[in-house]
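One structure below.
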Amino acid sequence: MSEALGRRVLCGAERATVRYVGGLPGAAGIWLGVEWDDPQRGKHDGTYEGTQYFKCRHPRGGSFIRPNKANFGVDFLTAVKDRYGLKEQDVQNGTKNTLVLGKKTVELIGMDSIAEQQSQLNLLVDISVRECAVSHAGQKEEISRTCANIRHINLSKNLLSSWDTVTDIASQVPNLETLNISENKMKFPSTSISVSNVFSKLKVLALNQTEITWTEVLVCAQGWPALEELYLTSNNITVLERPDNVLQTLKLLDLSDNPLLDGDQLHQIAYLPRLEQLILRNTGISSIYFPDSEFGCKTKMFPSLKRLAINDNKISQWSSINELEKLPSLQSLQCHNNPLMDTEKNPETLRQLIIAKLSQLEVLNKSEILPAERKGAELDYRKIFGKEWLAAGGNWNPERNKPSEEFLAAHPRYTALCLKYGAPEEGELKGQQPSTLKNQLLTLTIKCPDKPEQKPVEKKLPESMTIQRVKGLLYRLLKIPGSELKLSYESSKLAGKEVELDNDLKPLQFYSIENGDCVLVRW
């Protein structure tokens, strides 16, 4: 029974990993110490009468069970025959079954010989044995003799306990192109492996919820010379390393539901030459930054990236959207469910801002951007921030047009939009054009009413400064962590009344703020 150590087992409907095989004091016979996938199923941490026989991640994730209670699973071919209704007794009884061959369904009625059964199995191209308790390959060469034409295999949620077992199965499937082994808690090689041609034709690989680390991915990737799509969701991957001479053919990478947290981790995978689609849903990243290029220039990172999904993250600053303009090939972006999306109450306005900031974007949040929508978004953007452009040194006279670095950092495309459509005309900004920056500065007191330890600060701000820019300034000034700021103001003319500053795109002057008023900051 010692070979049972590390094996995956089923006990009823529950899955577990064998962590101990042997006797227990005062209890006759052999026992298996198992760690349950669902720790609620367990009773202890592997300790029996004061002695710890194995370790568990969860303090109550373990149990001792008798070997006869554990189902160690079946071989691959047995599962295939069971799933596709090709048991020998069915053949003898003339049972009617159907068999899926690629996209074609074949009806099987009363096959009267094992040879005929084998010939039907040989037609199988696309096989799914999900949740069939597959744990091993079976007899050597049996799969290749029986199912010679398999190209696509779904082995998800089985009892595979090691990458070696996967290799044993795949070595008998010479034309394997797609492999899904998600939801199998497996042991992977963490040092170098002997590279073979087992996966020489593999193009799509799903390793979701397998507990693989990025280091192990890079080790195994030595054997995936033609891989184009790699799915690695929910593996608790926190750190990435740069792939050297591996994954160079990769076109799609899905790292969703891994706590990467730090957007700089993406720099490690930024030089995959053919990567066209990167999916980063719910990875906890709060910012994106490409340090190798200035605004207005393209980054050398992600040279082929066309489609990016960063939805369900913690991105709260427009600077991250500005950075995406540096990507040379970006066409499609998914970014909903980020704190940034809450900065504008009208989702249409938010969509327009993103479109105007990203010149090459063709699809936003799965919705196509038509030429008329792009033109409208860019014209509106040019107008909305026209006052701020003027206040920062922008001018209709090209020789005097010198907007500040701060303005250009916040609006990297503004200059390009002025070149495309012309600078915003005086009539568009009528009544809003400042005479000089100096005479439109407001002296304001910044207070944090919920944080009495934070001393009030006095600042001079242009009345044309948008609420969004004020928030950006306050994040830096008050060293506030990535929380959502809520701003309001009090005026001596409105004693005891607060006015909420609730539209990030509006300038201070929109709210009739005057010299000496007090801005209240909450988070």
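The values are calculated or read from the model by the stated rules, or taken from the named source; none is laboratory data. Bear in mind that the values here come from a model prediction, so they are computed numbers and not experimental data. Methodologically, a virtual Cβ is constructed for each residue, glycine included, from the backbone with ideal geometry; neighbour enumeration extends over all protein chains shown. Areas reflect the complete protein model, heavy atoms only, side chains present, ligands, DNA and RNA absent. Shrake-Rupley method; radii C 1.70, N 1.55, O 1.52, S 1.80 Å.
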- Task: Express the carbon and sulfur contribution to the solvent-accessible surface of the range 197-348 as a percent, rounded to the nearest whole number, probe 1.4 angstrom.
- Result: 45 percent
- Message: Set the bar at 19 Å for Cα to Cα. Now go through Lys402/Lys471; Lys402/Lys479; Lys451/Lys486; Lys140/Lys185; Lys486/Lys506 and name every pair that lies beyond it.
- Response: Lys402/Lys471; Lys402/Lys479; Lys140/Lys185
- Note on the structure: So, with points 7 Å from each Cα along the Cβ direction, the Lys43-Gln454 label distance in nm works out to 5.4 nm
- Message: Within the range 7-69, what whole-number % of the accessible surface is contributed by carbon and sulfur, with the 1.4 Å probe and all protein chains included in the calculation?
- Response: 49 percent
- Query: Lys201 versus Glu514, label points 7 Å from Cα toward the beta carbon: distance in nm?
  - Reply: 8.1 nm
- Query: If the cut-off is a Cα-Cα distance under 20 Å, which aspartates and glutamates reach Lys43, setting aside same-chain residues fewer than 8 apart in sequence?
  - Reply: Glu14, Glu35
- Task: Treating cross-link reach as a plain straight distance, find the lysines whose alpha-carbon is under 27 Å from the alpha-carbon of Lys300, omitting any fewer than eight places away in the same chain.
- Result: Lys203, Lys251, Lys314, Lys326, Lys357, Lys366, Lys420
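Quick one: putting +1 on the C-beta of Lys and Arg, -1 on the C-beta of Asp and Glu, what dipole do you get for the chain around its Cα centre, in Debye to the nearest 20?
Working: 65 positive and 65 negative charges, 98 e Å.
I would put it at about 480 debye.
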- Message: Report the Cα centroid-to-centroid distance between the range 140-206 and the range 287-332 in angstrom, as an integer.
- Response: 35 Å
- Task: Send over a whole-number figure in Å² for the accessible area per residue of the chain, probe 1.4 Å.
- Result: 49 Å²
- Which far-off residues, 5 or more places away or on another chain, put their amide H under 5 Å from the one on Lys187, with H placed in the peptide plane? Ser162, Trp163
- Here the residues of the range 1-21 lying in the modelled label zone of Thr51, meaning backbone nitrogen under 13 Å from a point 7 Å along Cα-to-Cβ, are 21
- Task: Among the aspartates and glutamates, select those whose C-alpha is under 18 Å from the C-alpha of Lys375, and discard any that sit fewer than 8 residues away in the same chain.
- Result: Glu325, Glu348, Glu362, Glu425, Glu428
- Query: Quick one: Karplus J couplings for the range 488-501, per residue in order, coefficients 6.51, -1.76, 1.60, θ = phi - 60°, nearest Hz, x for Gly and Pro?
  - Reply: 8, 9, 10, 10, 4, 7, 10, 4, x, 10, 9, 10, 6, 9
- Would you calculate a helix-derived [θ] at 222 nm for the chain, using -39,500 (n - 2.57) for each DSSP H run of n ≥ 4 and dividing by the full residue count, to the nearest 500? -5500 deg cm²/dmol
- Message: Tell me which of Leu247, Gly61, Cys418 sits at the most positive position along the dipole axis of the chain, charges placed on C-beta atoms (Lys, Arg +1; Asp, Glu -1).
- Response: Cys418
- Could you pull out which residues in the range 198-224 have an amide N less than 20 Å from a spot 7 Å beyond the Cα of Thr178, following the Cα-Cβ vector? 199-210, 224
- In µm²/s, what is D for the chain at 25 °C and 0.890 mPa s, where D = kT/(6 pi eta Rh) by Stokes-Einstein and Rh is the Kirkwood radius from Cα pairs? 88 µm²/s
- Task: Hey, can you grab everything whose amide H is under 5 Å from the amide H of Ile369? Only 5+ residues off in sequence or another chain; H modelled, so Pro and N-termini drop out.
- Result: Val363, Leu364
- Note on the structure: Nearest-0.05 FRET efficiency for Lys300 and Asp262 at R0 = 22 Å, using Cβ-Cβ distance, is 0.60
- Task: Assuming a ≥ b ≥ c are the square roots of the Cα gyration tensor eigenvalues, decide whether the range 312-392 counts as rounded (a/c under 1.5), prolate (otherwise, with a/b larger than b/c) or oblate.
- Result: rounded
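Let me know the charge dipole size of the range 164-237 about its Cα centre in debye, to the nearest 20, where only the beta-carbon of Lys, Arg (+1) and Asp, Glu (-1) is charged. Please report the intermediate quantities before stating the final value.
Details: 4 positive and 8 negative charges, 14 e Å.
The calculation lands at about 60 debye.
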- Message: Whole-Hz ³J(HN,Hα) for each residue in the range 309-323, computed from phi via Karplus 6.51 cos²θ - 1.76 cosθ + 1.60 with θ = phi - 60°, x for glycine and proline: what do you get?
- Response: 10, 10, 6, 6, 10, 10, 6, 10, 10, 5, 4, 5, 5, 4, 4
- Under 19 Å from the Ser492 label point (7 Å along Cα→beta-carbon), backbone N, the range 501-523: 512-520
- Simple label model, 7 Å out from Cα along Cβ direction - Ala372 to Arg400, nm: 3.9 nm
- What is the set of long-range amide H partners of Lys298 at a cut-off below 5 Å, with H atoms built 1.01 Å from backbone N? none
- Query: So what are the ³J(HN,Hα) numbers for the range 224-233, from phi and the Karplus equation (6.51, -1.76, 1.60; θ = phi - 60°), rounded to whole Hz, Gly and Pro as x?
  - Reply: 10, x, 10, 5, 10, 10, 9, 10, 10, 6
